[in-house]
Amino acid sequence: MADCFEKYYYNINDFALDPTLDLTYTTLGNVLGDIVSASGAHGSSRLHIGGDEVVTGCWAADPSIVAYMQANGYTSYYQLLNYFVQRADAIVAGLNRTAIHWEEIFTDGCTVSHDNIFQVRCY
């Protein structure tokens, strides 16, 4: 992963979270929980969790992620993204919020709950 980090140091947007680690979801749950807590009792019932322009180059360059994909029968990075989105959505639902995603989550073929919202850019 160090080589990947050095390769993409110039742009933080070139890093995707490691969807194979339970620690990723623990951290995500803690961060989202803090956001919900900070919003107070009158905060929104919705929580935008992004999903646009996911760069999977670091996933492809990480041998542990590639091995995880092979072990779990994933043949594309969209399948791995879908796995991540489903776990992230479960965290949001556990916080009694509705997830909002960028349209790429839809166009990339991710399976989400029927009550999720997609934010679409109109050009």
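The values are calculated or read from the model by the stated rules, or taken from the named source; none is laboratory data. Keep in mind the model is a prediction, meaning the values are calculated, not measured. Don't worry about glycine lacking a Cβ; one is built from the backbone with ideal geometry, like all the others, and counts go over all protein chains shown. Side chains included, ligands, DNA and RNA excluded: accessible areas come from the protein's heavy atoms. Shrake-Rupley method; radii C 1.70, N 1.55, O 1.52, S 1.80 Å.
Ordered by residue, what ³J(HN,Hα) values in Hz, to whole numbers, does the stretch 62-76 give under the Karplus form 6.51 cos²θ - 1.76 cosθ + 1.60, where θ = phi - 60° and Gly and Pro are x?
9, x, 5, 6, 4, 5, 4, 4, 5, 5, 9, x, 7, 10, 9
How long, wide and thick is the chain, going by the Cα atoms along their three principal axes, in whole angstroms, largest first?
Here the Cα extents, ordered largest to smallest, are 44, 32, 28 Å.
With charges only on Cβ, +1 for K and R and -1 for D and E, what is the dipole size of the chain about its Cα centre, in debye, rounded to 20?
Once rounded to the nearest 20, the dipole reads 320 debye.
Could you provide, to the nearest whole Å², the per residue accessible area of the chain with probe 1.4 Å?
Computed with neighbouring chains in place, this is 62 Å² per residue.
For the stretch 106-123, take each phi angle, set θ = phi - 60°, evaluate the Karplus expression 6.51 cos²θ - 1.76 cosθ + 1.60, and give the result in whole Hz per residue in order, putting x for glycine and proline.
After applying 6.51 cos²θ - 1.76 cosθ + 1.60, I find 6, 5, 7, x, 5, 9, 10, 5, 4, 9, 5, 10, 10, 8, 10, 7, 9, 9 Hz.
Can you check what the Kirkwood hydrodynamic radius comes to for the stretch 69-123, Cα pairs only, in Å to one decimal?
Radius from the Kirkwood sum: 12.0 Å.
At 222 nm, what value in deg cm²/dmol follows for the chain if DSSP H runs of at least 4 each add -39500 (n - 2.57) and the sum is divided by all its residues, to the nearest 500?
-14500 deg cm²/dmol
What is the set of long-range amide H partners of residue 98 at a cut-off below 5 Å, with H atoms built 1.01 Å from backbone N?
46, 47
Gaussian network model of the chain, Cα springs within a sub-10 Å range: biggest mean-square fluctuation belongs to which of 29, 40, 57?
40
Under 5 Å between amide H atoms, partner at least 5 residues away or on a different chain: which partners does residue 118 have, H built in plane at 1.01 Å?
101
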